[in-house]
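To start, the structure itself, in structure tokens.
Bear in mind these aren't lab numbers, they're just calculated from the coordinates by the rules spelled out. Quick caveat: nothing in here was measured; it's all calculated off a predicted structure. Cβ: placed from backbone, ideal geometry, glycine included. Neighbour counts: every protein chain shown.
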Amino acid sequence: MAILITGGAGYIGTHAMVEFLEAGREVICVDNYSNSKPCALERVKKITGKNFKSYEVDLLDYDALEQVFKENKIDSCIHFAGLKAVGESCQKPLLYYHNNLTGTFNLCSLLSKYGAKKIVFSSSATVYGKPASVPITEDFPLSTTNPYGETKLMIERILKDIYASDSEWSVSILRYFNPIGAHKSGLIGEDPKGIPNNLLPYIAQVATGKRECLSIFGSDYNTHDGTGVRDYIHVVDLAKAHLKAIERAEKVTGVEYFNIGTGVGYSVLDIVKAYESATGAKVNYKIVDRRPGDIDECYANPEKAYNVLGWKAEYGIEDMCRDSYRWQTNNPDGYGEG
Ligand code: NAD
Ligand code: WQD
């Protein structure tokens, strides 16, 4: 029985594919390559020495997606596919609502129709909005500040309603904090289009000389050094959480929510220093105005994931920086023409 991996060619998806294949699981990838390239899957094959099926299918195309279910025995799904850029979601809300929600409707209808009622969903710490305190536990109030976050929260609620209507479902909602780093092979990693929105890809490009200077967005936050604090988690640790989540979904039904973070908060300046010390490279920076919508601090209490899934993060910030740098150095243009 195969596990369907939607968005498997993306940043987190490729790392999860590696972990699943190395654990001996059968996986099938569907991706429309709107934010990824097919060659990323070739790299997954190279790392693992294993083959798997992949389909260029848009989740918005119900008939094409159904064909994947007809051709394979699918038992469960890891649902990564979605658009994820916060700023773009404010410019193009309809695109985000349509892609993320309609894609999930089609997927869930087919998972139900073909009796594969187990799903692990990529949610985000963004559903905690501006948390009243840190660390954040799963029972904190939920709210969002942008259309991207809204799609995550809506999908969480839709999945809860699906289970309420049919108790055969297993729904595991993983709320990721800030995934960074790359596989130690240096073959797969994050490949942002154009100017990176997120901190680590930007730092990696400054450290390797592709960009001149990091702009640090604000130094007057209520944190130990005034710059924003986040819970950065190695993408390989994050990938492993999915394996634990699917193993549990194979045993129990219900809806469960898990914070997937390290429980440790680092400021932007902490990260700049850690990057320099882990890699020996220089990260030039300047302080600029705050980025609208950013919050002071966000980090997880990840105890539930440990207690229920038996998962905890193993890698530290040095590993994350070193692996990010290796990926960026080996692949200055990401996957290139792919
Ligand atoms: P990514 O963009 O690298 O991967 C998403 C993949 O989904 C891409 O390969 C893209 O081509 C594919 N996709 C998008 N829409 C599709 C559609 N309609 N049909 C088929 N494929 C489609 O992003 P990522 O960083 O790997 O994130 C994976 C998931 O995790 C996303 O749902 C994202 O919202 C969520 N998430 C990411 C982060 C993060 O910081 N990276 C944090 C929290 C949650
Ligand atoms: C981290 C810190 C910035 C870039 C986003 C999404 C969230 C989730 C993860 C998907 C902040 C600062 C950044 C730069 C900077 N994604 N920064 N200069 O904003 O915590 O989370 O990605 O679900 O939903 O909002 O991550 O990496 O953009 O920022 O100073 O050039 O780095 O202000 O303090 P963020 P990020």
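Worth a mention:
- Some residue of the range 183-192 being surrounded by fewer than 18 Cβ atoms within 10 Å (Cβ to Cβ), within 16 Å of ligand 1 (Cβ to nearest atom) and of a type outside the set (A, V, I, L, M): yes
- Residue identified as assigned to a helix (DSSP H, G or I), of a type outside the set (Asp, Glu) and either within 14 Å of ligand 1 (Cβ to nearest atom) or touching a helix residue (DSSP H, G or I) at 6+ places or on another chain (Cβ under 7 Å) (or both) among Leu174, Leu200: Leu200
- Residue in the range 178-196 that is part of a loop (DSSP other than H, G, I, E, B), small (Gly, Ala, Ser) and within 21 Å of Lys244 (Cα to Cα) present: yes
- If the condition is being over 14 Å from Gly265 (Cβ atoms) and β-branched (Val, Ile, Thr), then the range 291-329 contributes Val308, Thr329.
- Screening the candidates Ser109, Ser133 for the property of being assigned to a helix (DSSP H, G or I) and over 19 Å from the mean Cα position of the chain (by Cα) yields one hit, Ser109.
- Being in contact with a strand residue (DSSP E or B) (Cβ under 7 Å, 6 or more places away or on another chain) and away from ligand 2 (no atom under 14 Å from the Cβ) is a property that holds for Tyr114.
- All positions within the range 34-59 that are near ligand 1 (Cβ under 9 Å from one of its atoms) and surrounded by 15 or more Cβ atoms within 10 Å (Cβ to Cβ): Asn35, Ser36, Lys37, Ala40, Val57, Asp58, Leu59
- Within the range 209-222, considering residues that are closer than 15 Å to Tyr275 by Cβ and crowded, with 18+ Cβ neighbours inside 10 Å, the one farthest from ligand 2 (Cβ to nearest atom): Leu214
- Inspection of the range 152-165 identifies at least one residue that is within 14 Å of ligand 1 (Cβ to nearest atom), of a type outside the set (A, V, I, L, M, F, W, C) and closer than 26 Å to His15 by Cα.
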